[in-house]
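Beneath this line is the structure, given in structure tokens, with notes to follow.
The values are calculated or read from the model by the stated rules, or taken from the named source; none is laboratory data. Predicted model only: the values in this text are computed from it and were never measured. Don't worry about glycine lacking a Cβ; one is built from the backbone with ideal geometry, like all the others, and counts go over all protein chains shown. For the accessible areas, the whole protein counts, side chains as well, though only heavy atoms, and no ligand, DNA or RNA atoms are used. Shrake-Rupley method; radii C 1.70, N 1.55, O 1.52, S 1.80 Å.
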Amino acid sequence: MSAGYEVAVRAEATLGEGPTWDPATGRLLWLDILGMRLHTYDPATGRRTTRTTEQHVGAAKPRAGGGLVLNLRDGVALLDPDDSFRWLHHEPVPGRRANDAAVAPDGSLWAGTMRYDEAAGGGTLSRLTGDGTAETILPDVTVSNGTGWSPDGRLMYYVDTPTRRVDVFDYDGGRATGRRPLVEIEEGAGYPDGLTVDAEGCVWVALWDGGAVRRYTPDGRLDRVITLPAPRTTACAFGGAALTDLYVTTARVGLESPDPLSGSLLVIPDAGRGLPQPAFQG
């Protein structure tokens, strides 16, 4: 089905990604990974800000004490409320960059990486705690992407894009076990990218080269399809004061004739009800 999407921010992001609602500021954070830009958008006022990062940035998430945690090309860093910068975990690997990341119910950061050439098995998914301790959870992923948790925190959902699957793990005490497929995206429908979980436990996933966002029930049944004009839909997240509006990022990279809205931030008002997201405990 098509939905009544709106253009929240008309932009030409090369690789728009990582929409994240920041309840402390009432703003949506989103990124242009390859453009090295961190954007904010205040839906109440329409105010926008942009800051440049010194490296390709895969994710930016709020911290419990203020500021942001950043998943950057060479590792994970902290941006303090006074704008000072420091590395939390510095691990540069030639030819590799950061990609999507998410904060788990226990306040740890699950940060993904990938190789620039997208070589198979060249990426990782790692868990980082507030003291900088890093543990590689999945060592051989290709394009580490969407990660999210069920409302009760007992399930973790994860996307390694070239597999065409959304996988589900049992989750307990910072451990993800029992990996199994939840859904597999059929040929011709695009590739799974970023995801979010709503208050009913359903998984919303953006489809790269699919121009759509899909909602799947916890048992893997396709429940809803929202088609959008930009073919490279990259990620989605609920935002707004009531967490009822679904924000969707898009990309222009690699498109010879991009849609005029490719690279923009889109929003589907009253799409559902999202879950409050934990802040990084660091």
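If L125 passes every condition in (1) more than 18 Å from C236 (Cβ to Cβ); (2) open to solvent by 20 Å² or more (accessible area, probe 1.4 Å) but one, which one does it miss?
Of (1) more than 18 Å from C236 (Cβ to Cβ); (2) open to solvent by 20 Å² or more (accessible area, probe 1.4 Å), only one is false for L125: (2).
Residues that are among the acidic types (D, E) and modelled with pLDDT of 95 or more, at least 1 per element: which strands (runs of 3 or more DSSP E) completely within the range 49-124 meet that?
Filter on the range 49-124 gives 96-103.
For the range 1-47, name all the residues that are open to solvent by 30 Å² or more (accessible area, probe 1.4 Å), out of contact with any Lys or Arg (no Cβ under 9 Å at 6 or more places or on another chain), assigned to a strand (DSSP E or B) and at pLDDT 95 or above.
Result: E6, V7.
Could you pull out every one of the strands (runs of 3 or more DSSP E) wholly within the range 185-269 that has 1 or more residues that are in contact with a Lys or Arg (Cβ under 8 Å, 6 or more places away or on another chain) and open to solvent by 10 Å² or more (accessible area, probe 1.4 Å)? Give the steps one after another, and end with the answer.
Values: elements: 191-197, 203-208, 212-216, 222-227, 233-239, 245-250, 265-268.
Counting at least 1 such residues, we get 191-197, 203-208, 212-216, 222-227, 233-239.
For the list (1) open to solvent by less than 10 Å² (accessible area, probe 1.4 Å); (2) assigned to a loop (DSSP other than H, G, I, E, B), I need the number of the one condition that G130 fails.
(1)
Every residue in the range 190-199 that is touching a strand residue (DSSP E or B) at 6+ places or on another chain (Cβ under 6 Å) and not acidic (D, E), please.
G190, Y191, P192, G194, L195, T196, V197 - these are the residues of the range 190-199 that are touching a strand residue (DSSP E or B) at 6+ places or on another chain (Cβ under 6 Å) and not acidic (D, E).
Report the residue count in the range 57-94 for those that are open to solvent by 30 Å² or more (accessible area, probe 1.4 Å) and without any contact (Cβ under 8 Å) to a residue 40 or more places away in the chain.
The number of residues fulfilling the criteria is 13.
I need every pair where a residue in the range 258-269 that is β-branched (V, I, T) has its Cβ under 9 Å from the Cβ of a residue that is open to solvent by less than 40 Å² (accessible area, probe 1.4 Å) and in a loop (DSSP other than H, G, I, E, B), sequence separation at least 6 or different chains.
Listed pairs, sorted by first residue: V267/G240; I268/A3; I268/L228.
Which one of these is in contact (Cβ under 8 Å) with a residue 12 or more places away in the chain and in contact with a His (Cβ under 7 Å, 6 or more places away or on another chain): L128, L109, L138?
L128 is the lone residue from the list that is in contact (Cβ under 8 Å) with a residue 12 or more places away in the chain and in contact with a His (Cβ under 7 Å, 6 or more places away or on another chain).
Sort through G173, G178 and tell me the only one that's modelled with pLDDT under 95 and more than 20 Å from L29 (Cα to Cα).
Residue meeting the stated conditions: G173.
Tally time: how many residues in the range 149-178 are among the basic types (K, R), over 24 Å from G190 (Cβ atoms) and not in a strand (DSSP E or B)?
Result for the range 149-178: 1.
Tell me which residues, restricted to the range 73-96, are among the β-branched types (V, I, T) and within 18 Å of the chain's Cα centre (by Cα). Show your work before the answer.
Taking the range 73-96 as the starting set, the residues that turn out to be among the β-branched types (V, I, T) are 76, 93.
Within the range 73-96, V76 is the sole residue that qualifies.
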